[in-house]
Amino acid sequence: MTQLQTLTRYLAAACTMLLVSACSNPEPELAWQPLSLDEAGLEMQFPCDPQFARTPVDFGMDIGSVPVSMAGCDAVDSTFAISHWLLDDPERADEALAFWQAATLTQFKAVDGEGKKSGAPFVPAGAMDLPRSIQASVEGVGRAGWTVTTHGVWFARQEGDKARIFHAVVYAPKAYHGNAQTFFDSIVLK
């Protein structure tokens, strides 16, 4: 056997090992870092340095536009974000979650994704225990026509005589359930 044949075999073996390791770990490794959102009384982990924005949104609840604060960033091929706003009437918190879920999920031609059943309860410690405080994973078609997996959670917390409404989401080209779960499990209400 010549040196070239030996080198080719070693190279082929190395490529095979890389391919096998890539296939056995489909979710990218992310460098999680803490983020504190003092205005929202929330701490969580992000896999990237988030950008911050605030924009008025009308959820169709006959309360007009409300200022929604957002933090989000892209890591590898996924977008990670959290948004929140203050609702004057905490009695309408469950209704607000329903409107936000509808607004998010109707952007896609969504169907239930694998791994997480849509509508599983999601109530972090300190959150209001509401029927629409849920976690969902859906697959759908985004605006550009590409398949998108959306992992989302919606929940609310009472703040005095108001309620803060939250939505955290991961948009990805495929179902990265582990990374989405790490993101959601890191949410701590202060």
Output for the range 122-176, where each listed residue is of a type in the set (Val, Ile, Thr) and part of a strand (DSSP E or B): Ile134, Val138, Val141, Thr147, Val148, Thr149, Thr150, Val153, Ile165, Val169, Val170
Qualifying residue in the range 110-123 (condition: at pLDDT 95 or above and farther than 30 Å from Lys174 by Cβ): no
In the range 158-190, residue farthest from the chain's Cα centre (by Cα) [restricted to those that are modelled with pLDDT of 90 or more, of a type in the set (Lys, Arg) and surrounded by fewer than 21 Cβ atoms within 10 Å (Cβ to Cβ)]: Lys162
Any pair with Cβ under 8 angstrom, 6 or more apart, that starts in the range 48-77 at a residue that is of a type in the set (Lys, Arg) and ends at one that is surrounded by 14 or more Cβ atoms within 10 Å (Cβ to Cβ): Arg54/Val68; Arg54/Ser69; Arg54/Met70
Residue satisfying all of: in the range 85-109; modelled with pLDDT of 95 or more, in contact with a Lys or Arg (Cβ under 6 Å, 6 or more places away or on another chain) and under 21 Å from Val138 (Cα atoms); surrounded by the fewest Cβ atoms within 10 Å (Cβ to Cβ) among these: Asp94
Residue in the range 129-140 that is touching a helix residue (DSSP H, G or I) at 6+ places or on another chain (Cβ under 6 Å) and more than 20 Å from Phe99 (Cα to Cα) present: no
Residues located in the range 54-76, provided they are closer than 24 Å to Met44 by Cβ, in contact with a Phe, Trp or Tyr (Cβ under 9 Å, 6 or more places away or on another chain) and either surrounded by fewer than 14 Cβ atoms within 10 Å (Cβ to Cβ) or of a type in the set (Lys, Arg) (or both): Pro67
Single condition Gly72 does not satisfy, out of (1) under 18 Å from the mean Cα position of the chain (by Cα); (2) of a type outside the set (Asp, Glu); (3) in a helix (DSSP H, G or I); (4) at pLDDT 90 or above: (3)
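The values are calculated or read from the model by the stated rules, or taken from the named source; none is laboratory data. As the structure is a prediction and not an experimental result, all values here were calculated from the model. Cβ sites come from the backbone with ideal geometry, for glycine too, and all protein chains shown count toward neighbours.
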